Amino acid sequence: MLHFLARRVVLALLVAVTVLGISFALTRLSGDLAISIAGPNATSEDIAQVRKNYGLDRPLPVQFADWVAHAATGDLGTSYFYKGSVSGLIAERLPVTLTLGLTGLAIALAVALPLGILAALHEGTLIDRMASLIAMIGQAMPSFWLGLVLMITLGLNLQWLPISGTGSWQNYVMPGVTLAFTGIPALMRLTRAGMIEALASDYIRTTRANGLGPASIVLKHALRNAAMPVVSIAAVQFGFMLGGSIVIEVVFALHGIGYLGWESILKNDFPVVQAVVLFLAIVYVGLTLLADLLNAMLDPRLRSS
Amino acid sequence: MSIEGTNRADWARHAGWGRRAPWTSAIRRALRDAGVAFGAVIVLVVALTAIFAPLLVPHDPFAQDLSRRLVPPAFMQGGSPEHWLGTDQIGRDYLSRLIYGARISMLIGLMTVIASGLIGGTLGIIGGYFGGRVDDAVLFAITCRLAMPLILVALTAVSLVGSSLTIVVSTLGLLLWDRFAVVARVATMRVRALDYISAARAAGCSPLYILTREVLPNIVRPLAVVATLEMALAILLEATLSFLGLGVPPPLPSWGLMIAEAKDYMFFSPWVIMIPGAALFVLVIGINLLGDGLNHILGTDRTA
């Protein structure tokens, strides 16, 4: 187990550093950062001054090493626009994104689990087909468009929910539902597949032979085994959702991490952009690691591979 | 269906679940066939619209007419028969823009799939065939790609290089190869163990020959299914990037950009976002239905 753990942690770290390197290269190699920062009306002296002030005149590997060394101590640099520390900015915006992400995940699970179980119990029937149609609709719905449509119908026409702001829990309902839609298809399909497999297994036949009722079989025995892959995918899906929340945060003007990233891209505030990419990558890598460990803990067969 | 599956169905029927009358299975087949046909028709219509766009448009999609702004569609109150789907905030004909928008979506979808299919397919085949360290490297690349926040990285790339159709395609192509790689890798591993590959190797064929002539034709079916999924995803992502202001540049009529430009008027005239959004939704669902059907027809759903 310890060996397995060590291998996974090293791999996760390697992935994080690689993503960091790629995002760093992306911001440096695709154009002259100093020209972008100085703005369209800058003279060549201004640009030279910017280059010197921000340390952009040093060789790229030196800049990268410097940035990584600082990032490792939690210092992600200074925002060009806000003039404050990037770590502070992220900490300030994090609660909004986390609230949105958790709301989205909760709604997604609340829809996907019952739907997946229902589809598995009625495998191959009309109900199953309807469930997969719902998953397909969820997959095809552009999330920014769904957000706008919800705003028009629930916000403006029916006036049930506030259209923007972050004041109360009601502000998170529409963004949460919109975000949930991006996670429902994968979670539902997995629950369905897991339940079908679990229901076909010998131990379920045994419980059945022992005379347990359908409710007890489905909920206590089959679901517990089908839940394993769902839990790990839910963790990974949560990472994807946090990354995808950028669109929803922009649509609903929620000032979270995604909004910060979008804003900073438009303002050429690259220390912030890099930090947001790094943050989301680390969250994703961390969640995948967690999912792997959780699976290995629940299923000893996975540890040997 | 596997043997276990049949057993389960029998058993479940005794248990009183998933009771399957003969007619439900007929309905199911009819629904699936109808779904595939529906998907094929949608994709075909959009493709033809895209190809013949200049012949179909009633107006110049770029011509502004500030005296006729936000005219509602012909079927709504206050609409005019001259503009079937109305006009946008600067008086451009909405139907004409929608038709040209089909060009952008289809072009981006196809080009992205070609680019990402080449990248992902190559990586997956190489990893699956050679195994060992090479495979570890491919898996590592896939993991790294998945760890990069897709939309954020695409936005950053487009904002730095400048927005254009080519940039959007290259960015998406460089980002969406992961599923191709995963599927190609697994399919190659399965094929590699078969006798005809050993025979080719024993006959002294070069790895390049084996990979392109023996492996590739045998894994092309699951890759075709992935291609439909990725095409749908690429079209949605282009619309998202354009909506966020960092995709296809104006005045090009990308559906996502149309929604972004009309957003400020959506509370007074909701159709300005409904029309391009519905077009996007229908096209993507059409591609997905087609892919779903392809999956069943090619039998890849049983092996995957």
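Structural remarks
- Cβ-Cβ distances below 9 Å connect the following pairs, each with a first residue in the range A:1-28 that is under 25 Å from A:ALA275 (Cβ atoms), a second residue that is surrounded by fewer than 13 Cβ atoms within 10 Å (Cβ to Cβ), and a separation of six or more residues or different chains: A:PHE24/A:LEU60; A:ALA25/A:LEU60; A:ARG28/A:LEU60.
- Some residue of the range B:260-282 being under 18 Å from the mean Cα position of the chain (by Cα), more than 9 Å from every other protein chain (Cβ to nearest Cβ) and at pLDDT below 85: no
- Criterion violated by A:PRO95 - all others in (1) under 23 Å from the mean Cα position of the chain (by Cα); (2) within 14 Å of chain B (Cβ to nearest Cβ) satisfied: (2)
- Checking A:PHE238, A:PHE252 one by one, the residue that is farther than 26 Å from A:LEU289 by Cβ, among the aromatic types (Phe, Trp, Tyr) and modelled with pLDDT of 85 or more is A:PHE252 and no other.
Yes/no per residue for (1) more than 11 Å from chain B (Cβ to nearest Cβ); (2) surrounded by fewer than 21 Cβ atoms within 10 Å (Cβ to Cβ):
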| residue | (1), (2) |
| --- | --- |
| A:TYR203 | yes, yes |
| A:PRO229 | yes, yes |
| A:ILE233 | yes, yes |
| A:LEU260 | no, no |
| A:LEU266 | no, yes |
| A:PHE270 | no, no |
| A:TYR284 | no, no |
| A:LEU290 | yes, yes |
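- If you go through the range A:137-147 and keep only what is assigned to a helix (DSSP H, G or I), crowded, with 18+ Cβ neighbours inside 10 Å and facing another protein chain (nearest Cβ under 8 Å), you end up with A:GLN139, A:ALA140, A:SER143, A:PHE144, A:TRP145.
- Candidate set: the range A:180-227, residues that are touching a residue at least 12 places away in the same chain (Cβ under 8 Å) and basic (Lys, Arg); chosen: the one nearest to A:GLY239 (Cα to Cα): A:ARG189
- Qualifying residue in the range B:241-255 (condition: within 23 Å of the chain's Cα centre (by Cα), at the interface with chain A (Cβ under 9 Å from one of its Cβ atoms) and more than 16 Å from A:TRP262 (Cα to Cα)): yes
- Tabulated pairs, the range B:266-279, first more than 18 Å from B:PRO253 (Cα to Cα), second assigned to a helix (DSSP H, G or I) and among the hydrophobic types (A, V, I, L, M, F, W, C), C-beta under 8 angstrom, 6+ apart or interchain: B:PHE267/A:ILE152; B:PHE267/A:LEU156; B:PRO270/A:ILE152
- Considering the range B:245-260, the residues that are in contact (Cβ under 8 Å) with a residue 40 or more places away in the chain and surrounded by fewer than 24 Cβ atoms within 10 Å (Cβ to Cβ) include one that is farthest from B:ARG92 (Cα to Cα), namely B:PRO249.
- Test: residue in the range B:82-93 that is assigned to a helix (DSSP H, G or I), of a type outside the set (S, T, N, Q), in contact (Cβ under 8 Å) with a residue 24 or more places away in the chain and crowded, with 20+ Cβ neighbours inside 10 Å: no
- Of the residues in the range A:69-92, at least one is surrounded by 17 or more Cβ atoms within 10 Å (Cβ to Cβ), touching a residue at least 12 places away in the same chain (Cβ under 8 Å) and on the phi > 0 side of the Ramachandran plot.
The values are calculated or read from the model by the stated rules, or taken from the named source; none is laboratory data. Predicted, not measured: the structure shown is a model, and the values here were computed from it. In this analysis, Cβ positions are derived from the backbone assuming ideal geometry, glycine residues included, and neighbour counts consider all displayed protein chains.
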